[in-house]
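Where a number appears in this text, it was derived from the coordinates with a stated rule and is not lab data. Bear in mind the structure is a predicted one, so any value in this text is a computation, not a measurement. Please note: Cβ atoms are built from the backbone with ideal geometry, for glycine as well, and neighbour counts cover all protein chains shown.
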Amino acid sequence: MPGRVHLTRDGAIATVVIDHQERLNALSTPMWHELGGHFRDLSADDGVRCIVLRGAGDKAFAAGADIAAFETERYDVASAKQYAKGIHGTLAAIDHCPQPVIALIKGACIGGGLELVSRCDMRICGQSSRFGIPVNRLGLVVAYEEMRALVDIAGPAAALEIVLEGRVFDAAEASAKGLVNRVVPDADVEKETYATAERIAAAAPLVNRWHKKFVKRLLDPRPLSEAELEDNYACFGTEDFQIGYRAFLAKAKPQFKGR
């Protein structure tokens, strides 16, 4: 059966599921486009405060691109350029998503799967999860747009090690490389991920968006503009600030409104 990308909602938390279990959740071209479409839609939904990205089942987050489709979709320079539009558009949609995105990782997170989770803001995996980008065995490169986030989170030395050796390595090594935020027992991955999502969703959503924006901007070496520096103080003009500090003084749980 062809793979699909499903979207579900539970209150302010959205879950995007890569579902192609018979091929370890490898993404076909339509799946790449579907995934990007979901993230563009979620980005415009102010009712969503956190997004969980995961693979269906327990065997894989995603095994990257569907190699079986290369003969018809990615067989020369021209076709590879066309194919890349879908991949890079989806990676950009995740990267530009204003809400925090958590990758829930079970099993294999290989190739394009690792590129996807590198675009997420947090990554939580099980102890038996496996990682790697062994594309040099296929005669392929990891393109600039696919490599950038990996370099940002793991650094150039680790990124080069990953692509030059092409090894598949375990969760402990992924954690040591900075690829994941948290490694938990396999049985606890969902519980830990959604507990994290609940904590994020309960916080002031505008503040979470600003913090995500600030961290990404600080990766850019250009000096901050005066207009950007004004963002430091915008939170004081929000209703959520009034709700937050007054709830703190009253020793009550704040109910943020996102405005």
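Would you point out the residue of region 28-59, among those that are more than 30 Å from Lys213 (Cα to Cα) and either touching a helix residue (DSSP H, G or I) at 6+ places or on another chain (Cβ under 6 Å) or of a type outside the set (Asp, Glu) (or both), that is surrounded by the fewest Cβ atoms within 10 Å (Cβ to Cβ)?
As a first pass, look at region 28-59 and keep what is more than 30 Å from Lys213 (Cα to Cα): 28, 57-59.
Cutting the leftovers down to either touching a helix residue (DSSP H, G or I) at 6+ places or on another chain (Cβ under 6 Å) or of a type outside the set (Asp, Glu) (or both) gives us 28, 57, 59.
Numbers: Ser28: 19, Gly57: 16, Lys59: 13.
The selected residue is Lys59.
When we screen Glu145, Glu115 for residues that are touching an Asp or Glu at 6+ places or on another chain (Cβ under 7 Å), in a helix (DSSP H, G or I) and within 18 Å of Leu35 (Cβ to Cβ), the only hit is Glu115. Each residue in region 91-105 was checked for being surrounded by 23 or more Cβ atoms within 10 Å (Cβ to Cβ) and either of a type in the set (D, E, K, R) or not in a loop (DSSP other than H, G, I, E, B) (or both), and 7 of them qualify. Scanning region 3-29 for residues that are in contact with a Gly (Cβ under 8 Å, 6 or more places away or on another chain) and either of a type in the set (Ser, Thr, Tyr) or not in a loop (DSSP other than H, G, I, E, B) (or both) gives Val17, Ile18, Asp19, Gln21, Arg23, Leu27, Ser28, Thr29. For Lys81, the criteria (1) in contact (Cβ under 8 Å) with a residue 12 or more places away in the chain; (2) surrounded by fewer than 20 Cβ atoms within 10 Å (Cβ to Cβ); (3) at negative phi hold in every case but one, which is (1). Here the condition is being farther than 16 Å from Gly36 by Cβ and aliphatic (A, V, I, L, M); of Ala69, Ala92, Ala84, it holds for Ala69 alone.
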